[in-house]
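A.B. asks: Before anything else, here's the structure in question.
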Amino acid sequence: MYIVHIASELAPIAKVGGLGDVVYGLSKEQQKNGNRVEIILPKYDVLKYDSIKDFTLEMSDLWSFESGSSVHNTVWKGEVDHLTTYFIEPHSQSYYFNRGHIYGSSDDIERFLYFSRAALEFLYKQGRKPDIIHIHDWPTAIVAPLIEYLYRDLGFQVGGVVLTIHNIQYQGKCTPSHLTRIGLRGEDFRSFDRMQDPENLFCLNILKGGLVYSDYVTTVSPRYREEIKTKEGGSGLDSVVRAYHSKIRGILNGIELETWNPAKDPHLPYPYPPNPTFIDTVRKQKMENRKALFDKLHVQFTNTPLVSCVTRLTKQKAPHLIKSAIHYTLSKNGSFVLLGAANDPETQQEFNHLKDYYKDNPRLYIGLYFDESLAHLIYAASDAFIIPSLFEPCGLTQMIAMRYGAVPIARKTGGLADTVLDVDDPNIPSEEKTGFSFETADEGGVHYALERVFKTFYHEPKQWESLIKNCLNKDFSWKKSAISYQKVYQLALFKNTPLCAVS
Ligand code: ADP
């Protein structure tokens with residue numbers, strides 16, 4: 001199949017969170033399976049150019065459309081770990097992608113609507129005929145209505161369109177005039193069966209446009225597919241999700257096993273043995289990595305458990321529960337390392353206060369920034385890893401933690417509930433148990449889980465060891481997920497074949 005991902009992120013060159021990891025990991029697996037895979041991204045000024053090979057000019061004169069005028073673009077091509085990637089660079093006064101960040105501008109709606117239209121224009125002008133266009137979250141969801149209302153009429157041939165919802169909380173609410181800017185008749189979309197926002201009837205909702213007009217939609221875990229049709233989980237789009245539920249599939253993300261390979265990880269001073277069943281060597285290497293981590297971060301080395309957390313510090317990730325986990329762990333003489341990227345000043349201040357509060361405690365490190373390399377070392381050095389999220393569509397960190405032999409402690413929500421199987425659940429076979437989970441998103445829930453972590457670590461060493469073994473043996477490769485995506489692609493293709501339309 002010829003598959004084109006139109007996306008706002010791609011790890012490692014433009015990554016904010018899991019979306020970037022998914023586009024990379026899924027594309028790699030699809031390519032391995034013999035598909036022709038391409039990715040289209042904005043040419044951000046913050047691209048990590050050292051990870052792009054053979055950066056060359058692909059098209060010097062792509063003319064796209066905005067507010068009734070033609071806008072000149074250059075399209076570049078590069079190889080990101082053998083994945084062919086195109087980069088759209090607009091030449092306009094708006095400098096849409098020269099903002100020093102991927103998201104976070106006041107005109108994000110304009111930026112990504114523009115990009116989506118330009119990406120389609122590129123495929124159309126080049127005469128490409130993808131079997132599948134795969135779009136991701138609100139930034140590129142408008143591609144589906146654009147194909148339906150503009151590009152099919154122009155003769156653009158595409159087999160099917162699939163949208164993946166990585167996080168339904170971000171929806172891209174906008175006005176009809178935003179759509180008019182990129183050549184659609186905005187007012188025409190203000191009805192329930194089209195793109196009207198269910199909560200604010202004067203607004204349009206770009207993610208809803210993707211939901212309505214894509215052939216198939218996927219969520220990043222089976223449980224999230226169910227959660228988003230409820231009032232609590234649907235962030236206002238639950239009625240739309242219920243209306244289109246039959247075309248939604250839940251497919252658990254994988255993790256990219258070469259990037260996350262503790263036996264070959266260049267970020268680890270002490271790699272793990274190639275065979276994870278050598279559990280004693282794994283634990284020995286973990287200790288050595290911990291010494292290296294603690295040296296680097298000036299944390300005092302002890303033999304007590306190290307609990308860690310690597311995350312974006314947004315509301316979804318429950319910063320208040322992370323704080324509570326820090327208090328609890330330190331009160332039990334454990335160590336805690338938090339690597340948390342915080343964008344808003346309030347959260348930064350909150351955690352800076354916490355740092356001050358514990359400034360004399362040598363067993364705590366709090367870093368409020370993004371650091372890929374440090375993240376790898378933290379996973380490898382930790383005994384346990386906490387993810388207390390309020391909601392979590394899939395979550396990658398619990399899977400990465402398991403692969404690095406750090407036992408996950410997770411709230412029972414979304415993909416966390418699908419992957420972290422509680423050690424004390426009598427319905428789970430012992431070889432399937434992978435961690436500690438808790439239901440309620442409050443301090444009581446966090447303490448309940450951590451209490452069991454400390455008890456198991458100190459008093460049930462055999463149980464602890466078998467948890468580590470189970471984690472290391474889990475298969476979170478993209479293999480299975482890529483097969484499920486391929487099936488969805490086939491359904492999308494089948495839906496658009498003339499034979500099917502007749503029957
Ligand atoms: P989300 O996409 O909601 O941020 P995921 O668990 O799906 O959460 O993916 C998070 C990814 O981003 C993981 O690869 C994780 O290691 C990485 N990550 C998150 N925060 C940081 C950070 N502060 N520094 C380095 N990597 C981070």
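The values are calculated or read from the model by the stated rules, or taken from the named source; none is laboratory data. If you're wondering where the values come from, they're calculated on a predicted model, not measured in any experiment. Every residue, glycine among them, receives a Cβ derived from its backbone with ideal geometry; neighbour counts consider all protein chains shown. We work out accessible area using only protein heavy atoms, side chains counted, and drop any ligands, DNA or RNA first. Shrake-Rupley method; radii C 1.70, N 1.55, O 1.52, S 1.80 Å.
A.B. asks: When the dipole is taken about the Cα centre of the chain, and only Lys, Arg (+1) and Asp, Glu (-1) are charged at their Cβ, what size is it in debye, to the nearest 20?
C.D. replies: Values: 56 positive and 59 negative charges, 135 e Å.
Roughly 640 debye, rounded to the nearest 20.
A.B. asks: Would you mind getting the accessible area per residue of the stretch 269-337, heavy atoms of the protein chains only, 1.4 Å probe, in Å²? It would help to have the intermediate numbers written out before the result.
C.D. replies: On the way: 3020 Å² over 69 residues.
Counting only protein heavy atoms, the per-residue value for the stretch 269-337 is 44 Å².
A.B. asks: Okay, moving on. Using Cα centres only, tell me the gap between the stretch 1-33 and the stretch 201-250 in whole Å.
C.D. replies: For the stretch 1-33 versus the stretch 201-250, the Cα centre distance is 22 Å.
A.B. asks: How big is the convex hull of the Cα atoms of the stretch 69-185, per residue, in Å³?
C.D. replies: Numbers: hull volume 15.4 nm³, N = 117.
Residue-normalised Cα hull volume stands at 132 Å³.
A.B. asks: Longer than 31 Å from Cα to Cα, which of Lys264/Lys315; Lys332/Lys480; Lys15/Lys229; Lys231/Lys455; Lys43/Lys474; Lys53/Lys433 are they? Say none if no pair is.
C.D. replies: Lys264/Lys315; Lys332/Lys480; Lys231/Lys455; Lys43/Lys474; Lys53/Lys433
A.B. asks: In nm, to one decimal, how far is the modelled label at Thr277 from the one at Glu148, with both set 7 Å along Cα→Cβ?
C.D. replies: The two pseudo-label positions are separated by 5.2 nm.
A.B. asks: From the square roots a ≥ b ≥ c of the eigenvalues of the alpha-carbon gyration tensor of the stretch 374-473, which class results: rounded (a/c under 1.5), prolate (a/b over b/c), or oblate?
C.D. replies: Cα axes put the stretch 374-473 in the rounded bin.
A.B. asks: Now for a separate question. Charges only on Cβ, +1 for Lys and Arg, -1 for Asp and Glu: so what's the dipole of the stretch 303-420 about the Cα centre, in debye to the nearest 20?
C.D. replies: With only Lys, Arg, Asp and Glu charged at Cβ, the dipole is about 260 debye.
A.B. asks: Using alpha carbons only, how many degrees (0 to 90, rounded to 10) separate the axis of helix 372-381 from the longest principal axis of the chain?
C.D. replies: 40
A.B. asks: How far is helix 443-459 tilted, in degrees, relative to the longest principal axis of the Cα atoms in the chain, given as a value from 0 to 90 rounded to the nearest 10?
C.D. replies: 50
A.B. asks: Starting from the coordinates of the alpha-carbon atoms of the stretch 12-99, obtain the Kirkwood hydrodynamic radius over all distinct pairs and give the value in Å to one decimal.
C.D. replies: Every distinct Cα pair counted, the radius reaches 14.0 Å.
A.B. asks: Sequence-distant or interchain residues sharing an amide H contact under 5 Å with Ser437, placed H: which?
C.D. replies: For Ser437, the qualifying residues are Ala410, Val423.
A.B. asks: P(r) of the stretch 188-340 in 5 Å steps, Cα pairs, percent per bin?
C.D. replies: Pairs per bin, as whole percents: 2, 8, 11, 12, 12, 12, 10, 9, 9, 8, 5, 2, 0.
A.B. asks: Can you say what percent of the DSSP beta bridges in the chain, counting only those with both residues inside, are antiparallel? Round to 5.
C.D. replies: In the chain, approximately 30 percent of DSSP beta bridges are antiparallel ones.
A.B. asks: Which FRET efficiency value, to the nearest 0.05, do you get for Glu288 and Asn427 by plugging their Cβ-Cβ distance into 1/(1 + (r/R0)^6) with R0 = 45 Å?
C.D. replies: 0.75
A.B. asks: Pop a pseudo-label 7 angstrom from the Cα along the beta-carbon direction at both Thr175 and Glu199 and give the gap in nm to one decimal.
C.D. replies: A separation of 2.0 nm, rounded to one decimal place.
A.B. asks: Moving on to the next point. As I understand it, the dipole of the chain uses +1 on the Cβ of Lys and Arg and -1 on the Cβ of Asp and Glu, about the Cα centre. Which of Thr180, Asn496, Ile228 lies farthest toward its positive end?
C.D. replies: Going by the charge dipole, the pick is Asn496.
A.B. asks: Sticking with this structure for a sec: Given 0.36 nm per residue, what is the gain on full extension from Arg128 to Ser105 after removing their alpha carbon distance, in nm?
C.D. replies: Stretched fully, the Arg128-Ser105 segment lengthens by 5.1 nm.
A.B. asks: On to the next question. Just for the Cα atoms in the chain, what are the lengths along the principal axes, largest first, rounded to whole Å?
C.D. replies: 68, 45, 44
A.B. asks: Can you tell me the orientation of helix 345-357 relative to the chain, as the angle in degrees between its alpha-carbon axis and the longest Cα principal axis, to the nearest 10?
C.D. replies: 10
A.B. asks: Follow-up. Would you kindly state how much longer the chain becomes between Lys359 and Glu372 on full extension, computed as 0.36 nm times their sequence separation minus their alpha carbon distance, in nm to one decimal?
C.D. replies: Value of the extension gain: 2.2 nm.
A.B. asks: Something else: Summing Lys, Arg as +1 and Asp, Glu as -1, what charge do residues with Cβ under 10 Å from the Cβ of Tyr365 carry, Tyr365 excluded?
C.D. replies: Taking every other residue near Tyr365 into account, the sum is +3.
A.B. asks: Here is a further query. Past the 14 angstrom mark, what percentage of all C-alpha to C-alpha distances in the stretch 221-287 do you count?
C.D. replies: 68
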